1. Quick check on VAL58: is it under 16 Å from GLY35 (Cβ atoms) and either not in a helix (DSSP H, G or I) or not assigned by TED's automatic domain parsing to the domain that holds LEU31 (or both)?
2. Among the residues in the range 108-118, are any surrounded by fewer than 17 Cβ atoms within 10 Å (Cβ to Cβ), at pLDDT below 95 and over 27 Å from TYR42 (Cα atoms)?
3. Would you mind stating whether GLY129 is under 18 Å from ASN9 (Cβ atoms) and either touching a strand residue (DSSP E or B) at 6+ places or on another chain (Cβ under 7 Å) or without any contact (Cβ under 8 Å) to a residue 24 or more places away in the chain (or both)?
4. Considering only residues that are in contact (Cβ under 8 Å) with a residue 24 or more places away in the chain and over 24 Å from SER80 (Cβ atoms), which ones fall in the range 16-61?
5. Can we say LEU63 is closer than 22 Å to GLY44 by Cα and touching a Phe, Trp or Tyr at 6+ places or on another chain (Cβ under 7 Å)?
6. Among the residues of the range 54-71, which ones are farther than 16 Å from ARG30 by Cα and among the hydrophobic types (A, V, I, L, M, F, W, C)?
Amino acid sequence: MQTVRITVNGTQYEEAVPPRMLLVDFLRERLALTGTHVGCTYEGVCGACTVHLDGEAVKSCMLLAVQADGHAVTTVEGLSSNGDLSVLQQSFREHHGLQCGFCTPGILMNMTDFLARHPEPSDDDIRHGLIGNLCRCTGYVHIVKAVREAAKTLAGGAG
């Protein structure tokens with residue numbers, strides 16, 4: 001066992017974990033933050049487990065919990081503030097950017113990081129940014145629209 005100190009959604013946790021415990025399992029099993037999903041059986045191809053590590057989108061099924069020691073992690077549960085949805089979450093709601101919702105947390109985490117880096121993306125930019133997220137239900141049309149409209153809102157334009 002190895003002790004890790006990880007700040008998750010603004011709260012610091014200190015836990016003894018097996019050295020090979022994945023970050024996604026730490027979040028889901030130890031902290032009960034089940035919004036982070038495992039969709040591809042720990043292969044890193046679906047993006048459902050995407051979280052932010054020090055503000056950068058990463059696939060938590062590809063990181064060990066010990067690698068996050070001393071770092072800040074944000075999960076989908078940390079996107080809202082005081083019960084208010086983030087601009088991107090609200091845009092997904094308004095523009096039907098989800099169907100079954102399984103992939104949605106990972107896409108929200110990825111696109112939150114993406115919009116911070118690309119504040120005025122084209123639809124092609126958004127599609128390219130979504131490459132690491134697999135959605136089997138939507139066909140991505142409404143996801144792209146939701147991200148585009150969130151970008152407009154964040155830029156101060158009408159959504």
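The values are calculated or read from the model by the stated rules, or taken from the named source; none is laboratory data. This one's a predicted model, so the numbers in the text were calculated from it and none came from an experiment. Cβ atoms come from the backbone with ideal geometry, glycine included; neighbour counts cover every protein chain shown.
1. yes
2. Looking for residues that are surrounded by fewer than 17 Cβ atoms within 10 Å (Cβ to Cβ), at pLDDT below 95 and over 27 Å from TYR42 (Cα atoms), one finds none in the range 108-118, hence no.
3. Spelling it out, it is not the case that GLY129 is under 18 Å from ASN9 (Cβ atoms) and either touching a strand residue (DSSP E or B) at 6+ places or on another chain (Cβ under 7 Å) or without any contact (Cβ under 8 Å) to a residue 24 or more places away in the chain (or both).
4. VAL17, PRO19, ARG20, MET21, LEU22, CYS40, VAL45
5. no
6. Once the filter is applied, which keeps residues that are farther than 16 Å from ARG30 by Cα and among the hydrophobic types (A, V, I, L, M, F, W, C), the range 54-71 yields ALA57, VAL58, MET62.
The rows are residues; the columns are (1) in a loop (DSSP other than H, G, I, E, B); (2) free of Cβ contacts under 8 Å to residues at least 24 places away in the same chain; (3) over 11 Å from the mean Cα position of the chain (by Cα); (4) not assigned by TED's automatic domain parsing to the domain that holds GLY44.
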{"site": "GLY97", "(1), (2), (3), (4)": "yes, no, yes, yes"}
{"site": "CYS100", "(1), (2), (3), (4)": "yes, no, yes, yes"}
{"site": "THR112", "(1), (2), (3), (4)": "no, no, no, yes"}
{"site": "ALA116", "(1), (2), (3), (4)": "no, no, yes, yes"}
{"site": "PRO119", "(1), (2), (3), (4)": "yes, no, yes, yes"}
